[in-house]
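The values are calculated or read from the model by the stated rules, or taken from the named source; none is laboratory data. This is a predicted model, so every value here is computed, not measured. All Cβ positions, even for glycine, are placed from backbone atoms using ideal geometry, and neighbour counts span all protein chains on display.
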Amino acid sequence: MKSGKTIRSFSTKDGRKVVLRTPKWEDLDDLLDLINSLAEERVVMTRKVSLEEEREWLSKALSSLGESEAFHLVAEVGDKLVATSEIDRGQSVYERHVGGIGIAIRDGFRDIGIGTEMMKILIEQARIMGLKVLTLSAFANNKSAIHIYEKVGFKQTGRIPQKFFKDGKYTDEIIMIMLLE
Ligand SMILES: CC(C)(COP(=O)(O)OP(=O)(O)OC[C@H]1O[C@@H](n2cnc3c(N)ncnc32)[C@H](O)[C@@H]1OP(=O)(O)O)[C@@H](O)C(=O)NCCC(=O)NCCS
């Protein structure tokens with residue numbers, strides 16, 4: 001898959017035009033800003049990353065796109081990068097058929113349908129990559145995440161009690177999977 005390739009465009013529930021595409025080199029500063037906004041919120045990321053770290057991550061992400069080792073999808077609204085997501089193929093010889101999914105939407109752009117559309121594309125792409133099992137995990141109190149994963153076909157298959165300790169309290173981890181026929 002080429003970098004910067006538009007995969008789908010759509011309008012959100014509130015009329016904003018969204019472009020879903022693979023990332024490209026020119027996204028570096030925007031991705032850094034997005035990742036660090038998530039770190040500030042303390043969702044997905046727990047610490048801010050440097051430009052150097054993000055450059056290294058993007059370099060790997062772009063080369064893995066070409067090798068079908070991973071798939072990366074970003075969302076653009078106007079000229080702003082507002083979401084990032086990925087599938088990573090299992091590295092062990094026994095897990096090459098398994099893909100792990102991650103997704104995060106910037107605050108201010110949630111609950112308008114972007115996450116759901118991105119998940120649909122990740123699943124389509126997982127099939128193209130020949131993956132058989134998709135996995136992801138969520139904080140048990142992340143209701144909107146669990147809702148969209150179930151909406152696109154994931155099933156809850158496990159719960160690790162008190163897996164996370166955040167803001168002075170324990171939260172369970174929910175394990176979800178999707179089998180691709
Ligand atoms: C979780 C996340 C990816 C969802 O993406 P999104 O773009 O906000 O999702 P959508 O707008 O497509 O859908 C949100 C859905 O959650 C529902 N929702 C919102 N709050 C909810 C709640 N408290 N309980 C149940 N459902 C809820 C909405 O009604 C909507 O469902 P609907 O379209 O069927 O009505 C996004 O909120 C996010 O990035 N959050 C921060 C990072 C994160 O949590 N990443 C996931 C880690 S597992």
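Structure values in brief
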{"read-out": "Count of the stretch 98-127 residues which are assigned to a helix (DSSP H, G or I) and either modelled with pLDDT under 95 or near the ligand (Cβ under 6 Å from one of its atoms) (or both)", "value": "3"}
{"read-out": "The one condition in (1) over 21 Å from M119 (Cα atoms); (2) exposed (fewer than 15 other Cβ atoms within 10 Å of the Cβ); (3) at pLDDT 95 or above that V49 fails to fulfil", "value": "(2)"}
{"read-out": "Identity of the residue in the stretch 30-71, in contact (Cβ under 8 Å) with a residue 60 or more places away in the chain, part of a helix (DSSP H, G or I) and within 23 Å of L131 (Cα to Cα), that ends up farthest from the ligand (Cβ to nearest atom)", "value": "G66"}
{"read-out": "Looking only at the stretch 73-91, and only at residues there that are part of a strand (DSSP E or B) and within 15 Å of L136 (Cβ to Cβ), the one that is nearest to the chain's Cα centre (by Cα)", "value": "S85"}
{"read-out": "Qualifying positions in the stretch 20-29 - within 13 Å of the chain's Cα centre (by Cα) and either in contact (Cβ under 8 Å) with a residue 60 or more places away in the chain or part of a helix (DSSP H, G or I) (or both)", "value": "L20, P23"}
{"read-out": "Selection count where residues are more than 19 Å from V77 (Cβ to Cβ) and acidic (D, E), scope the stretch 25-58", "value": "5"}
{"read-out": "Counted residues, the stretch 130-172 - those being within 14 Å of the ligand (Cβ to nearest atom), of a type in the set (G, A, S) and closer than 19 Å to E86 by Cα", "value": "5"}
